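> Provided herewith is a single structure, encoded as structure tokens, for subsequent inquiry.
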Amino acid sequence: MEHIVDLRGFARRPIHPFDVVDRTCNTNPDGEAIDFTNAYMTIGGRPFLGVSGEFHFSRMDASRWDDELAQCEAGGVTVISTYVFWNHHEEVEGEWDFTGSRDLKRFVELCARHGLYVILRLGPFDHGEVRNGGLPDWVYGKDYEVRSLDPGWLAETRELYGRVAEQVDGLFYAQGGPIIAAQLDNEYMHSCAPWEMTTGISDEWVSSGSDGVAYMEAIRDIAREAGIRVPFFTATAWGGAAVPDDVLPLWGGYAYRPWLFYAHGGEHPKTDEYLYRDFRSDDCPRNAEFDPAYPPSAKPYACCEMGGGMMNSYNYRFILPTKSVDAMANVKLGSGCNFLGYYMYHGGTNPTGRGVYLNEGQVPKKSYDYQCGLGEFGQVRESYGRLGVLHEFVAAFGDRLAPMDVALPADQAAITPENRDALRYSVRTDGRSGFMFLTNFQDHDESDAKHGESIRIELPGSAGGAGSAGGAGSAGGTADVRFDGIGLAPGENCVLPFNMDLDGVTLEAATVQPVTVIRPRGGSGAAGASDTAGAAGRRTFVFMRPDGMDRAWMRFAGGGSGRAREIAIDGEADFQRFEVGFGADGPIGPEIVVVSRALANRMTVLDGEALAFAPEPGMDDPAALGEMNALYRRGDEVVVRSFDGRAAAAPSTYPAGYLVSVDGRASDAPDDARDATCGGASRVLAASFFPAPTVTRIRGNRFAIDLPDGLPDAIASRAGGLADVLLRVRYVGDIGWLFAGGRLLSDNFCNGDVWEIGLRDSADAIRAAGGRLVLVITPLKKGVNVNVDSPMAARLETADEFITGLDTVTLQPVHETVLCRMA
């Protein structure tokens, strides 16, 4: 079927300054200023399309921060967003704790080490499924109303903000640090949380607030006076939340919504989160999730809470479709978003309080895995790899994308979440060149494969239909651009370019997605798309072949010949490279590399001059979330973490030989990825070091798990490249509880997925318990149906018969191999 995007009457929206920054602290010591237009953020005058990932430092053992932040950076995250949970730092009134996993200063310093900007979400109310939304219990009995203009409450807020400012002094952007922004409160006048001390009794809730913009302005002023000197402040804007004019409104999107089932069961509706819109159009349809109190064209459309995963609540349990995450990011970009922000990007574990658990009652007491791309213990899932592909695109070409407007097909308004047949797509363009965004994902439904689609973009100055196959004049934007052979596998999404400049060569159109660009080794300058070939040498543009594309091809403008040149891409090969053309002295124009979706998901860009591909996992029993192996930088080293229970394998690289193992073996090219030999296997323990644990039923639904001798010591020492050991439990029941010596290590609301617990953080407790763990399974009543086949199910109770079952308990070592860059 042919589709048409008519740009013949296209006119670009005006871009002008948007005054939201504090000009007393928006410039760093190098003279680079942070600023905004009404369309996008700039750093040093250049468009900056940020990628923010939520990572809660106090929900992770501090010994993991360095490696996990490195994994975030390798995944294309440029900004870390983190809540400062008040009750994690002042659980008892007057007793402040910024030590260990609560050490905010050290966490921010590590972010800086990895080149990551930071947004502090200050509270005082946060939510985040933390007890009381982050408020300490002792606040409940005070003589003021929380989240109000009451002087007593504002005094408490001043104390909190002052303590935070004291911790991070020297780390603000103007001081040369990474902190670029701070969020005020959270969902003010929109959302609240249970007062947990009343749950199950009077069931009271923290106030959502009622003082409007005046309250937000008051706590903004308090933050400044307390020493929070950031270039700009942010606030969540959905649901009618109050946002002052000089605060950046941030948006989001969740397709899986456990709060719908807080007090009852039912069926989850399909959402419109996977329909393209123009969020910067003053005519954009409004709803509860997007109803700004300003003309949308007046401010950037930026996000802080796109669903990077989702928790399982007691009444709503499901296995997250991993393709839902990057599909949403694609739709947001294609709808005008110029700042991506995920909640969550990395899972975590709730700290234990002083006599109470610090969770909200609807979620597990300890586990906050959130099913995100990076799991509670650093597990790498398919959504991480898929997001990485899109993030590399943003890093390389975001400065081109940011100024582009959205153009939607004429029938876009008629497409509904229930429509399986319609091709969902959008265009972002400057009127001559641009990118076409497509998705084939819908939450709470199964998508059908798309085949036989074509799209024609009618450009300004064309007659409509003229030159539709490409040819003379296309590079000048006077002929239409046609995409034939479009297909998409179920759940797949992609970004296709048209009239894209590749260092002086025009790519008229392609059915492969631009991902990144790398410079020759040792070349000067950055590898961003706006750098010229002259500054960085002859560069390599990297593309990804989407799954299910009917016909993969690239069409280049013919230059002086006037005839376009079309190159067919092998639909089966994982890795291909070719030259655009040859002259008398050799290749001319850039080198082109095309990788398959599967290979792209395992790809990391190193130093802007090489591609590294994590080893393909070889798990016999992979988790339903699709676990992968990890590859990231740690200082001058490159680390490969193997989550498949085998001794760590080595990456392949392009160019070959870019990495070298400790014993001098160089990395293979990706063509040889299955037989990569660069490993340093002597650095790791063999998986057979750990025999299976011994599982004994104590009584009823209580089991003893005796771990192999020496396991706690091996984990604690991390000898031989052992990074962690995952205990993997498959069971049937309502809730799973894991203890060591009576101490709760982890808990899980059964959703049919494998339950994974990293043992490294609990090595001391396990050793003290003699290597014995106790597993307790709270039974299901027969008829209490936690449907794990579909995320549409919520919990329904009907009968009295109890059901428990323990299927398997296994140990999965996590190994790491350390490599370095070839000298």
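> List every residue pair whose Cβ atoms lie under 9 Å apart, where the two residues are 6 or more positions apart in sequence or sit on different chains, the first residue falls within the range 244-259 and is free of Cβ contacts under 8 Å to residues at least 40 places away in the same chain and within 12 Å of Glu305 (Cα to Cα), and the second residue, located anywhere, is of a type in the set (Ser, Thr, Tyr) and buried (at least 21 other Cβ atoms within 10 Å of the Cβ).
none
> Can you find a residue that is closer than 17 Å to Glu145 by Cα, within 30 Å of the chain's Cα centre (by Cα) and surrounded by fewer than 19 Cβ atoms within 10 Å (Cβ to Cβ) anywhere in the range 208-217?
yes
> So which residues in the range 225-281 are surrounded by fewer than 18 Cβ atoms within 10 Å (Cβ to Cβ), charged (D, E, K, R) and touching a helix residue (DSSP H, G or I) at 6+ places or on another chain (Cβ under 9 Å)?
Glu225, Asp245, Asp246
> Just the residues that are of a type in the set (Val, Ile, Thr) and surrounded by 14 or more Cβ atoms within 10 Å (Cβ to Cβ), please, taken from the range 21-43.
Val21, Thr27, Ile34, Thr37, Thr42, Ile43
> Now, a different point. Out of the residues in the range 660-686 that are under 20 Å from Arg577 (Cα atoms) and surrounded by 17 or more Cβ atoms within 10 Å (Cβ to Cβ), state the one that is modelled with the lowest pLDDT.
That would be Ala676.
> Then there's this: Identify, by number, the condition in (1) surrounded by fewer than 23 Cβ atoms within 10 Å (Cβ to Cβ); (2) under 30 Å from the mean Cα position of the chain (by Cα); (3) modelled with pLDDT of 95 or more that Ser191 doesn't meet.
Failed condition: (3).
> For residues that are modelled with pLDDT of 95 or more, buried (at least 18 other Cβ atoms within 10 Å of the Cβ) and either part of a loop (DSSP other than H, G, I, E, B) or on the phi > 0 side of the Ramachandran plot (or both), tally how many sit in the range 564-581.
2
> Can I ask one more? If Phe18 passes every condition in (1) surrounded by 17 or more Cβ atoms within 10 Å (Cβ to Cβ); (2) in the same structural domain as Met306 (by TED's automatic domain parsing) but one, which one does it miss?
For Phe18, the exception is condition (2).
> Checking Pro258 against (1) within 27 Å of Glu129 (Cβ to Cβ); (2) out of contact with any Ser or Thr (no Cβ under 6 Å at 6 or more places or on another chain); (3) not hydrophobic (A, V, I, L, M, F, W, C), which single condition isn't satisfied?
Checking Pro258 against (1) within 27 Å of Glu129 (Cβ to Cβ); (2) out of contact with any Ser or Thr (no Cβ under 6 Å at 6 or more places or on another chain); (3) not hydrophobic (A, V, I, L, M, F, W, C), the one that fails is (2).
> Given Ala165, Ala255, which one is among the small types (Gly, Ala, Ser) and either out of contact with any Gly (no Cβ under 7 Å at 6 or more places or on another chain) or under 30 Å from His444 (Cβ atoms) (or both)?
After applying the criteria, what remains is Ala255.
> A further question follows. Quick one: in the range 544-559, which of the residues that are in a strand (DSSP E or B) and surrounded by 19 or more Cβ atoms within 10 Å (Cβ to Cβ) is nearest to the chain's Cα centre (by Cα)?
Met544
> Would you tally the residues in the range 301-317 being buried (at least 22 other Cβ atoms within 10 Å of the Cβ) and farther than 24 Å from Gly388 by Cβ? Spell out the reasoning first.
Let us first name the residues in the range 301-317 that are buried (at least 22 other Cβ atoms within 10 Å of the Cβ), namely 301-304, 306-313, 316-317.
Those still in the list that are farther than 24 Å from Gly388 by Cβ too: 312-313, 316-317.
Residues in the range 301-317 being buried (at least 22 other Cβ atoms within 10 Å of the Cβ) and farther than 24 Å from Gly388 by Cβ: 4 in total.
> Please pick out the residue among Glu32, Glu68 that is modelled with pLDDT of 95 or more and under 24 Å from Leu390 (Cα atoms).
Step by step, each of Glu32, Glu68 is checked, and only Glu68 is modelled with pLDDT of 95 or more and under 24 Å from Leu390 (Cα atoms).
> How many of the residues making up the range 313-323 are under 17 Å from Val380 (Cβ atoms) and not in a loop (DSSP other than H, G, I, E, B)?
1
> Looking at (1) at pLDDT 95 or above; (2) not in a strand (DSSP E or B), which is the only condition Ala181 fails?
Here Ala181 clears every test but (2).
Condition check ((1) closer than 28 Å to Val640 by Cα; (2) of a type in the set (Gly, Ala, Ser)) across all residues:
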site: Ser367; (1), (2): yes, yes
site: Val389; (1), (2): yes, no
site: Val406; (1), (2): no, no
site: Ile415; (1), (2): no, no
site: Ser426; (1), (2): no, yes
site: Met436; (1), (2): no, no
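> For residues that are under 20 Å from Leu7 (Cα atoms) and of a type in the set (Asp, Glu), scanning just the range 406-451, find the one that is modelled with the highest pLDDT.
Asp430
The values are calculated or read from the model by the stated rules, or taken from the named source; none is laboratory data. The model shown is predicted, which means the values in this text are computed figures rather than measured ones. For neighbour counting, all protein chains shown are included, and Cβ atoms are generated from backbone atoms with ideal geometry for every residue, glycine included.
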